[in-house]
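The values are calculated or read from the model by the stated rules, or taken from the named source; none is laboratory data. Note that this is a predicted model, so its numbers are computed, not measured. Don't worry about glycine lacking a Cβ; one is built from the backbone with ideal geometry, like all the others, and counts go over all protein chains shown. Just the protein is used for accessible areas: all its heavy atoms, side chains included, with ligands, DNA and RNA removed. Shrake-Rupley method; radii C 1.70, N 1.55, O 1.52, S 1.80 Å.
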Amino acid sequence: MIELTLPEIDHIAMRHAISLSLATGKSFRLGGGFRFVRENPAAGNLLADWENALGALSAGSFGSDGDDLLFRPGAPARGDYSFETGAFSSALELVLLLLPPLTRLEYRTALGVRGVTHSDLSYTTDFVNLTIFDLLERMGFYLHLSLKRFGFYGSGGGLLEAKAYPGESGGALPDLSYHDVRITGARVYIAKLPTDVAMTQKDLLVAGGVIPASSVGIVEVLDADGPGNFIQVYAECDGGVRILHAVSPVYSGEGEYVFNGEVAAETARSAVAAYERLLVEKAVPERAVRELLPYAILSGSGIPVRSGGAGERLAAAFL
């Protein structure tokens, strides 16, 4: 069993460790991992979903030893699978957990996951498809994600479908910098919340003068389970469409309703900060770079420089 210590534990580092364990067949002990789950209810909700799904697949089991999290992987098999995740979790995080090991299989695997499609714990589906998956395709990994119904944190009820195809080894990391960057517009999505919140967010998005008001749309999502709010900013980077995003927390991991005008304004400010950073840095957002890490380790293509402090330790453990 691998003794794994990370400079900082969050749910993404934990997810990457589990994905790599499933892909390589190596068990691990994550120092402090169980303490992190105990102290973070949102992470505990994610782990419960992962445990249920992997149990249904006979693909792994979790344990604990004091403050440490233990994981013993099984062997994921190809097929068409359906899962249901919790209302205070993220269906997308389960998809992201399973995709890296599924690219190691000989044939295509399809996933249908019900639950929260847009959570502040994770990303938007467009960001995954148009930013993360596009980069992974250049590395030889072919993945697809479809949003069938919106479901928001605290309610669930959404539906995602994903497909993983056999990946390649030895693919090179793509260029993570851009030469030409242009912000082309934005959309504010709102469901079962006051629309004046969306109007305020639109005003904040255009206040900096980078995006004209005519290029910011407001989309009221009618076919959705639960209240939700998120923003997507659209950029043209070296001729390709890229997405930046910010998702409002509506409920806490303990189920407390936390959404208000200041939360919505902070979401808009986060989106503005993201597009301002893109214009200055002209580089793939760090959140997307970090998601390349398990695939880079599995393909032997090297560790993305901006993939986070856990990258080298995960690579050393699972290569």
Here the gain from full extension of residue 51 to residue 1, 0.36 nm per residue of separation minus their alpha-carbon distance, amounts to 16.1 nm
According to the square roots a ≥ b ≥ c of the eigenvalues of the Cα gyration tensor, what is the shape class of region 122-189, taking rounded for a/c under 1.5, prolate for a/b larger than b/c otherwise, and oblate for the remainder?
-> oblate
Karplus (6.51, -1.76, 1.60) ³J(HN,Hα), θ = phi - 60°, over region 179-192, in Hz, Gly and Pro reported as x | 9, 10, 10, 9, 7, 9, x, 7, 9, 9, 9, 9, 9, 6
Using θ = phi - 60° and Karplus 6.51 cos²θ - 1.76 cosθ + 1.60, couplings along region 30-40 (whole Hz; Gly, Pro as x) | 9, x, x, x, 6, 4, 4, 5, 4, 8, 10
Measure off, as a whole percent, the carbon and sulfur share of the 1.4 Å-probe accessible area of the chain, all protein chains present.
-> 48 percent
Can you list the residues, at least 5 places off or on another chain, whose amide H is less than 5 Å from the amide H of residue 83, using H built in the peptide plane?
-> 112, 113, 114
How big is the equivalent ellipsoid of region 153-264 along its three axes, where each semi-axis is √(5λ) from the Cα gyration tensor, reported in whole Å from largest to smallest?
-> 29, 23, 12
For the chain, with every protein chain kept in place, what is the accessible area per residue (1.4 Å probe, Å²)?
-> 41 Å²
Leaving out same-chain residues fewer than 8 places away, which lysines sit with a Cα under 20 Å from that of residue 192?
-> 148, 202
DSSP-loop GluC sites (Glu not before Pro) across region 7-78, with at most 10 other Cβ within 10 angstrom | 8
For residue 236 and residue 196 in the same chain, what is the full-extension length gain: residue separation times 0.36 nm, less their Cα-Cα distance, in nm?
-> 11.5 nm
By how many nm would the segment from residue 214 to residue 265 lengthen if fully extended, with 0.36 nm per residue of separation less the alpha-carbon distance?
-> 16.4 nm
If we count every other residue with Cβ under 12 angstrom of residue 146's Cβ, Lys/Arg +1 and Asp/Glu -1, where does the sum land?
-> +1
Per-residue ellipticity at 222 nm for the chain, helices alone: DSSP H runs ≥ 4 residues times -39500 (n - 2.57), over residue total, nearest 500 deg cm²/dmol?
-> -10500 deg cm²/dmol
Amide H within-cut-off set for residue 245, under 5 Å, with H built and near neighbours excluded | 233
Quick one: which residues, 5 or more positions from residue 118 or on another chain, have an amide H under 5 Å from its amide H? H modelled 1.01 Å from N in the peptide plane, none for Pro or chain starts.
-> 151, 153
Here the percent of antiparallel bridges among DSSP beta bridges lying wholly in region 134-240, to the nearest 5, is 70 percent
Label assignment, P(r) over Cα pairs in 10 Å bins from 0, in percent derived from the structure, set (1) 5, 20, 19, 16, 15, 11, 7, 4, 1, 0, 0; (2) 6, 24, 30, 23, 13, 4, 0; (3) 6, 27, 35, 25, 7, 0 | (3)
Hey, could you grab the Kirkwood Rh for region 1-93? Inverse mean 1/r over distinct alpha carbon pairs, Å, one decimal.
-> 13.4 Å
